[in-house]
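Participant: Structure in structure tokens, see below.
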Amino acid sequence: MPQSPESFYLDPAAPGTLQSRIQQMVAQGILAGRFRPGDRLPSSRKLAQHLGVSRITVTLAYTELLSDDYITSRGRSGYFVSDNAPEPPAFPAKSAGLSTVDWSAVLPPDVAPALGIEKPTDWASYRYPFIYGQADATLFDGANWRLCAMQALGKRDFAALTADQYDGDDPKLVEFIMRQTLPRRGILAGPEEILVTMGAQNALWLTAQVLLSGDRSAVIEDPGYPALRAILTQTGCALTAVSVDADGLPLDQLPTTVDVVFTTPSHHCPTTATMSLPRRRALLDWAEDQQALIVEDDYDFEMSFLKPPSPALKSLDRTGRVIHVGSFSKSLFPGLRLGYLVGPAPFIRAARALRALSLRHPPGLMQRTVSHFLSLGHYDAVIKRTSRAFHDRRRTLDAAIAAHGLTVAGAGAYGGSSVWMRAPEATDTARLAAQLRLQGVLIEPGVAFFAGPNAPRNFYRLAYSSIPAARITEGIALIAQNITDDTGSPPARRS
């Protein structure tokens, strides 16, 4: 049956190029059963006229559909739905209906605690996005990333791309981590001491599941990473939140007995405080005396652009008590979801076995693409470019904060990509964030970073990873003005 061009509707809100949207339109019509095998499709000229697009765009879309065997060409007779096209299901789709399951009784309490940090998906449409961890397209080397991805898809890497490694990792990526990434942090490790993970958060989850249970105890920093607090709560362990100071985690506040201490010594989350070298050594001595383990989350060490980074805790460890967590997602882009664990071989074996039960291993394509990107020097180039940009943005941010009298509660001496701020005590930064969002400004309220029911509500985080330097001063002025409007008086000068 010939199909009229009027049977085709191009959704203006659909994503993708015109060509891909036309492909999807035809393919979805076939999959929905509107177009059956043998049906004649409109000519490329008539469909182009109907849709208001160029004829070559329709021709290219038809060519792709031909290669996928959705349609077939019969010379001058035109295009037809292929006999080999996917067929719609023989049964009609039905609604699941009303559920009779009492999920509150089936699921354990707090099975999926909220992470507490809202990052709108359309953050890039805001003029002043002071939010943490988002990728800046102007700094990333997309061209070489695509070339590395194409290389990973080639015949030479076919086995790495397609093989089921079961519980193994890409040997090229492990070798790069072992020979280049870790030595920069002063860490020496063998392949049996390294595990690739789906980002730092997956590494923390694996670590918590292996080391903790209901009869064990752990320490976290307060304020600290909300997702880690949620992960540890799920283990059922006895959890103690210890308030940090200007040097990070204070040893004199640690409990007398504890099994595992989680810390972010290079750039504390969220205050960005850097743990001093004497305190690092003292923490290692304390762990040996207490027979405790330390989990070092080194998520942001690459961004130490103000001064060289301090040695990692793992590099100072002589008794095998430190488990090191690293990530490429922060330094490249968050959607990468690729990190690693470094620890004693017995721990890595246990974490590898647990990972194999849930996801086996991170996708081979992503691992091999990253290994090419690292080994060809593109990663180092991105880090240098990003560090220069962040340094410039940080100077602009510091000057704007000082000029508008805002209060800095924590700003790491080694760099990073954010500053921890404190508003007047009467300010609720969740309410402040909602007001600023209407004016194109995004900030992160600080309450989610604190443990306990009486968390202060006047802290907030300003990140500069995704905002151009030219917009920082304007954005800070809006923040200062809104704090003034909220409290009725100008912000107090920085302490």
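What follows is calculated from the coordinates using simple rules that are stated; it is not laboratory data. This one's a predicted model, so the numbers in the text were calculated from it and none came from an experiment. Note that each Cβ is placed from the backbone with ideal geometry, even for glycine, and that neighbours are counted across all protein chains shown.
Participant: Based on the alpha carbons, how large is the Rg to Rh ratio for the chain when Rh follows Kirkwood? Before the final figure, lay out each step's value.
Facilitator: Numbers: Rg = 27.0 Å, Rh = 26.0 Å.
The Rg/Rh ratio comes out at 1.04.
Participant: Relative to the longest principal axis of the chain, what angle (0 to 90°, nearest 10) does the C-alpha long axis of helix 142-152 take?
Facilitator: 70
Participant: Out of residues 5 or more away from ASP39 or on other chains, whose amide H comes under 5 Å of its own, with H placed 1.01 Å from N in the peptide plane?
Facilitator: Those qualifying (amide H under 5 Å, at least 5 residues apart or on another chain) are VAL81.
Participant: Let me ask something additional. Can you tell me the 0 to 90 degree angle between the C-alpha axis of helix 277-290 and the longest principal axis of the chain, rounded to 10?
Facilitator: 90
Participant: Could I ask something else about it? Could you tell me the relative contact order of the range 5-81? Use alpha-carbon pairs under 8 Å, at least six residues apart, and round to a whole percent. List each step's numbers first, then the result.
Facilitator: Working: 79 pairs, mean separation 26.7, N = 77.
For the range 5-81, the relative contact order is 35 percent.
Participant: Right, here's the next one. Tell me, what is the percent relative contact order of the range 142-376, built from C-alpha pairs under 8 Å that lie six or more residues apart?
Facilitator: Details: 404 pairs, mean separation 72.4, N = 235.
For the range 142-376, the relative contact order is 31 percent.
Participant: Rounded to the nearest 500 deg cm²/dmol, what is the calculated helix-only ellipticity per residue at 222 nm for the chain, with -39500 (n - 2.57) per DSSP H run of length n ≥ 4? Kindly include the intermediate steps, with their values, before the conclusion.
Facilitator: Numbers: 16 runs with 182 residues, N = 495.
It lands at -11000 deg cm²/dmol.
Participant: Taking amide H positions as placed in the peptide plane 1.01 Å from N, state which residues far from ILE323 in sequence (5 or more) or on other chains have amide H under 5 Å from it.
Facilitator: Result for ILE323 returns ILE294, VAL295, GLU296.
Participant: Loop by DSSP (not H, G, I, E, B), at most 15 other beta-carbon atoms within 10 Å: where is the longest site-free stretch of the chain for trypsin sites (Lys or Arg not before Pro)?
Facilitator: Numbers: sites that count: ARG34, ARG74, LYS94, ARG127, ARG216, ARG318, ARG360, ARG493.
My reading of the result: 361-492 is the longest stretch.
Participant: Across the chain, how many lysine pairs, 8 or more positions apart or on different chains, have C-alpha atoms separated by under 22 Å? Please give the number. Present the calculation step by step, with values, prior to reporting the outcome.
Facilitator: Details: LYS119/LYS330; LYS155/LYS172; LYS172/LYS330; LYS307/LYS330; LYS307/LYS384; LYS314/LYS330; LYS330/LYS384.
Taking the Cα cut-off of 22 Å, the pair count is 7.
Participant: Longest span of the chain, sites excluded, free of chymotrypsin sites (Phe, Trp or Tyr not before Pro) in DSSP loop with at most 12 other C-beta atoms within 10 Å?
Facilitator: On the way: sites that count: TYR9, TYR166.
The segment 167-495 is the longest one with no such site.
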